[in-house]
Amino acid sequence: MIDLTTQIGLKLQLKNPVLTASGTFGYGDELADLIDLNRFGGIVTKSLTLHPRAGNPSPRITETTAGMINSIGLANIGVDAFIEQKSELLSHLPGKVIVNIAGRTEDEYADTLKKLESQEWIAGYEMNVSCPNVREGGIEFGAKPEILNHIVGRIRDLTNRFLMIKLSPNVTDIRVLAEVCQKRSADAVSMINTVYGAAIDIKTRKPLVNTVIGGLSGPAIKPIAVANIYKTHRAVDIPIVGIGGISCGADVVEFLLAGASAVELGTVNFFNLNAVAEILEFLEEYCVAQGIGVVTELVGKVKV
Ligand SMILES: Cc1cc2nc3c(=O)[nH]c(=O)nc-3n(C[C@H](O)[C@H](O)[C@H](O)COP(=O)(O)O)c2cc1C
């Protein structure tokens with residue numbers, strides 16, 4: 001038996017290092033009949049805002065050769081409906097539940113979090129400061145160190161629970177932003193959110209997502225994620241949760257070797273409902289073959 005238990009900072013222990021990625025798994029309930037939620041070390045819910053949001057008009061998803069471009073625009077039911085309608089299922093899961101929060105303003109992030117603090121079952125938060133598809137909020141909080149510094153400090157003061165900041169690759173140097181998160185006592189950073197991408201229908205000459213430029217996800221962005229994780233792992237001491245293009249167990253091992261302590265599965269949930277089971281099996285087999293008893297021994301162990 002391989003020990004898959006994963007500790008992320010001081011506050012979060014997972015039974016295995018595989019989480020769902022925000023926005024690709026709804027609130028846990030939408031895919032509950034298709035994927036065994038209990039297999040995951042944790043669930044990260046879709047970004048929640050203070051008020052419900054309809055998101056961007058369609059088309060808001062298009063497929064590319066090696067992934068997809070989305071421009072959902074943070075559509076969600078709002079924090080009150082989330083607490084009312086989703087607590088029952090989520091509070092009974094054996095894995096941990098991380099609630100992802102977003103907002104148009106700093107106050108919105110703070111007010112959303114304050115409401116969630118009443119819910120004992122929430123293990124922690126992922127703060128989305130990296131959404132590429134919204135006009136206000138999203139990446140504008142995660143691209144400039146001084147703005148990030150302020151908002152992370154404010155949210156940190158509001159909760160003692162696990163707090164992870166989700167960073168964007170669409171910046172000059174992601175390490176500078178991770179350092180800010182560390183300085184403001186975030187427990188972890190997660191990376192990467194989607195990469196700017198666009199696609200055009202040559203017959204109609206129209207863009208394939210409404211905002212023209214959306215967020216590219218899936219296998220195409222995996223090397224970008226690995227590069228960002230690798231360099232950030234060398235720059236900060238706080239743990240990194242790796243996201244971006246993971247589609248199999250070998251990808252997860254690559255992320256761990258680059259420096260991720262855990263991973264989130266996003267786009268793969270749209271094309272392989274069995275991904276989490278296959279990944280956990282692969283991780284065990286890989287560790288046995290490598291003579292490793294504890295999966296966390298792999299973290300950052302790329303030989304350079
Ligand atoms: C359809 C879709 C919706 C997403 N919605 C959110 C969201 O609400 N909040 C968020 O932080 N990230 C969101 N993301 C980004 C993912 O969580 C993840 O960071 C990104 O897709 C890269 O991982 P992947 O290549 O495994 O999908 C979304 C991604 C997709 C494809």
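What residues qualify as long-range amide H neighbours of Gly300, i.e. H under 5 Å apart, gap of 5 or more or another chain, H built at 1.01 Å from N?
Leu257, Ala258, Gly259, Ala260
Using the Cα centre as the reference, give the magnitude of the dipole from point charges on the C-beta atoms of the stretch 7-80 (Lys, Arg: +1; Asp, Glu: -1; all else neutral), rounded to the nearest 20 debye.
Numbers: 6 positive and 6 negative charges, 59 e Å.
Its charge dipole is roughly 280 debye.
Evaluate the Debye formula for the stretch 92-247 with equal point scatterers sitting on the alpha carbons, no solvent, and hand back log10 of I(q)/I(0) at q = 0.09, 0.12, 0.19 Å⁻¹, in q order, two decimals.
The calculated log intensity ratios at q = 0.09, 0.12, 0.19 Å⁻¹ are -0.30, -0.53, -1.18.
At a Förster radius of 25 Å, what calculated FRET efficiency corresponds to the Cβ-Cβ distance of Ala250 and Asn38, to the nearest 0.05?
Using R0 = 25 Å, I get an efficiency of 0.60.
Need one number: convex hull volume per residue for the chain, Cα atoms only, in Å³. Intermediate results must be reported in sequence, preceding the final value.
Values: hull volume 38.0 nm³, N = 304.
Taking only Cα atoms, the chain has a hull volume of 125 Å³ per residue.
Among Gly9, Gln85, Tyr109, pick out the residue whose Cα is farthest towards the positive end of the charge dipole of the stretch 1-112, where Lys and Arg carry +1 and Asp and Glu carry -1 on C-beta, about the Cα centre.
Gly9
Which value, to two decimals, describes the C-alpha radius of gyration of the stretch 1-45 once divided by 2.2 N^0.38 Å?
Values: Rg = 11.6 Å, N = 45, 2.2 N^0.38 = 9.3 Å.
Compactness ratio reported: 1.24.
What does the charge dipole of the chain about its Cα centre add up to, to the nearest 20 debye, if the Cβ of each Lys and Arg holds +1 and the Cβ of each Asp and Glu holds -1?
Dipole of the chain, to the nearest 20 debye: 840 debye.
Would you calculate a helix-derived [θ] at 222 nm for the chain, using -39,500 (n - 2.57) for each DSSP H run of n ≥ 4 and dividing by the full residue count, to the nearest 500?
So the calculated ellipticity at 222 nm is -9000 deg cm²/dmol.
What figure, in Å² to the nearest 10, do you get for the accessible area of Lys231 with a 1.4 Å probe and non-protein molecules left out?
About 70 Å², ignoring ligands and nucleic acids.
Which FRET efficiency value, to the nearest 0.05, do you get for Arg205 and Ala54 by plugging their Cβ-Cβ distance into 1/(1 + (r/R0)^6) with R0 = 22 Å?
With R0 = 22 Å, the Cβ-Cβ based efficiency is 0.25.
Sorted from largest down, give the three principal axis spans of the alpha carbons of the stretch 117-181, whole angstrom values.
So the three principal-axis extents are 37, 24, 16 Å.
Ranked highest first by average number of other Cβ atoms within 10 Å, how do 287-299, 209-221, 14-26 line up?
Answer by packing, highest mean first, reads 14-26, 209-221, 287-299.
Sorted by packing (mean other beta-carbon atoms within 10 Å per residue), highest first, where do 242-251, 102-111 land? Don't jump to the answer; show the numbers that get you there.
Numbers: 242-251: 23.8, 102-111: 19.2.
Final packing ranking: 242-251, 102-111.
Given the options Gly41, Asn76, Gly214, identify the residue whose Cα lies farthest towards the positive end of the charge dipole of the chain (+1 on Cβ of Lys, Arg; -1 on Cβ of Asp, Glu).
Checking the options against the dipole of the chain, the answer is Gly214.
In terms of modelled amide H atoms, which long-range or inter-chain residues lie less than 5 Å from the amide H of Tyr125?
So Tyr125 has HN proximity to Val99, Phe162, Leu163, Met164.
Answer with one residue from Ile165, Met127, Ile224: the one whose Cα lies farthest towards the positive end of the charge dipole of the chain, charges on Cβ with Lys, Arg +1 and Asp, Glu -1.
Of the options given, the answer is Ile224.
Pull out a ≥ b ≥ c, the square roots of the eigenvalues of the alpha-carbon gyration tensor of the stretch 168-304, then state rounded if a/c is under 1.5, prolate if not and a/b is larger than b/c, and oblate in the remaining case.
Verdict is oblate for the stretch 168-304.
If you average 1/r over all unlike Cα pairs in the stretch 64-106 and invert the result, what Kirkwood radius do you get in angstrom? Intermediate results must be reported in sequence, preceding the final value.
On the way: mean 1/r = 0.0755 Å⁻¹.
Hydrodynamic radius (Kirkwood, Cα only) of the stretch 64-106 equals 13.3 Å.
Mind checking which of Thr64, Thr232, Thr112 has the largest fluctuation in a GNM of the chain, springs on alpha carbons under 10 Å?
Top of the fluctuation ranking is Thr64.
Can you order the peptides 2-11, 137-146, 253-262 by their average number of other Cβ atoms within 10 Å per residue, highest first?
Highest mean packing first, the order is 253-262, 137-146, 2-11.
The values are calculated or read from the model by the stated rules, or taken from the named source; none is laboratory data. These figures come from a predicted structure and were not determined experimentally. Cβ coordinates were reconstructed from backbone atoms using ideal geometry, including for glycine residues, and neighbour counts include every protein chain displayed. Surface accessibility is based on the protein's heavy atoms, side chains included, excluding ligands, DNA and RNA. Shrake-Rupley method; radii C 1.70, N 1.55, O 1.52, S 1.80 Å.
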